[in-house]
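All remarks here apply to the structure that follows.
A short reminder: the numbers here are calculations on the coordinates, not readings from a lab. Since the model is a prediction, treat every value here as computed from it, not as a measurement. Cβ coordinates were reconstructed from backbone atoms using ideal geometry, including for glycine residues, and neighbour counts include every protein chain displayed.
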Amino acid sequence: MTVTAKATGVDVTFQNPTETKFDLSIDQHFESSFKVEDIAQAQAFADLRAEYTRSAGYAMAKKIDATLHALHTTASFVRKVGSDGSTAWSGSANANAGNGADLTEAGIRNAIEILDLANVPENDRYLVINPRQKNVMLGIGRFTEYDKTGVAGTIYNGMFGEVFGVRVYVTTATATLVADDTTTNYDVNYLFQKDAFILAMQKEVRTQGQYWLPSLSDVVVVDAIWGKGVYRLNHAVALITPQA
């Protein structure tokens, strides 16, 4: 929307916003299935079907997470070196070994500045890191000063703390970048505002099962259908850090 000067005695200028269409392909259909034979269930101390169902659901959640993390390959996605948050990541730097580096306070601040300059809302900002950077974060004073207060719910949702008003989450689902030498690997950590990405769950994770007489076993299939995409490209920055 725009702002127009109001003249005395003259009606306001009405605007006619034009919306654009955003196309999203719902093309992700994955399943996790298993079979528990009667003899295995009869001799087990636990309910194998229940245990395996929980495991399959967890695997499906990780898969959904991983497909979102893979969106850094979108054209023009901003990828910066984790140590300063301003240097562009290059797989050909340092004799083709790449130039990713561990997160620093300055790197996080500079990544936040990229979002600020794009007028990205302050609310609902997140930093999602690989566990390899968890130890690094504990060495950042600004982070540990806040972390001393404790954060409820950490063990349930991966939330690790907060730095500069940005919630920090830890996940092993981060994507991997390979340098031009084809042997040096890097983690792709995200600093983003929630409008950066779209996740459309056309069919939520469901569990279906039945008894299969020919094999004297319970068969269970867990599946889901979803689509994902980058919605606002300037609402996210990938911070590249080493896996070694």
TODO: Could you state the angle between the C-alpha long axis of helix 105-117 and the longest principal axis of the C-alpha atoms of the chain, as a value from 0 to 90 degrees rounded to the nearest 10?
DONE: 70
Task: the chain: most fluctuating residue of GLU113, GLU204, GLU162 per GNM, C-alpha cutoff 10 Å - done: GLU204
Open item on the list: Charges on Cβ only, +1 for Lys and Arg, -1 for Asp and Glu, centred on the Cα centroid of the chain; of TRP212, SER86, VAL128, which one is farthest towards the dipole's positive end?
Closed with: SER86
Open item on the list: Output the 0 to 90 degree angle, nearest 10, between the alpha-carbon long axis of helix 48-69 and the longest principal axis computed from the alpha carbons of the chain.
Closed with: 20
TODO: Let me have the 222 nm mean residue ellipticity of the chain computed from DSSP H runs of 4+ only, each contributing -39500 (n - 2.57), with the sum over all residues rounded to the nearest 500.
DONE: -7000 deg cm²/dmol
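Starting from the Kirkwood Rh over alpha-carbon pairs, what translational D in µm² s⁻¹ does the chain have by Stokes-Einstein at 25 °C and 0.890 mPa s?
This corresponds to a translational diffusion coefficient of 116 µm²/s.
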Task: FRET efficiency for SER76 and ASN185, using Cβ-Cβ distance with R0 set to 25 Å, rounded to 0.05 - done: 0.60
Open item on the list: Compute a Gaussian network model of the chain, connecting alpha carbons closer than 10 Å, and tell me which residue from GLY91, GLY100, GLY82 fluctuates the most.
Closed with: GLY91
Open item on the list: Explain nothing, just the number: relative contact order of the range 36-138, from Cα pairs under 8 Å at least 6 residues apart, as a whole percent.
Closed with: 17
TODO: State, as an integer percentage, the relative contact order of the chain based on alpha-carbon contacts under 8 Å between residues 6 or more apart.
DONE: 29
Task: Farthest positive-ward along the chain dipole, Cα basis, beta-carbon charges - from LEU177, GLY139, LEU115 - done: LEU115
Task: Distance violations [Cα-Cα > 28 Å] among LYS35/LYS194; LYS80/LYS194; LYS21/LYS80; LYS35/LYS203; LYS80/LYS134 - done: LYS35/LYS194; LYS21/LYS80
- [ ] About the Cα centre of the chain, how large is the charge dipole given +1 on each Lys and Arg Cβ and -1 on each Asp and Glu Cβ? Please answer in debye to the nearest 20.
- [x] 200
TODO: Take the eigenvalues of the Cα gyration tensor for the range 6-65, scale each by 5, and report the square roots as semi-axes in whole Å, largest first.
DONE: 60, 14, 7
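For LEU213 and ASN135 in one chain, what is 0.36 nm times their gap in residues minus the Cα-Cα distance, to one decimal in nm? Present the calculation step by step, with values, prior to reporting the outcome.
Details: separation 78, 0.36 × 78 = 28.08 nm, distance 5.11 nm.
Full-extension gain reported as 23.0 nm.
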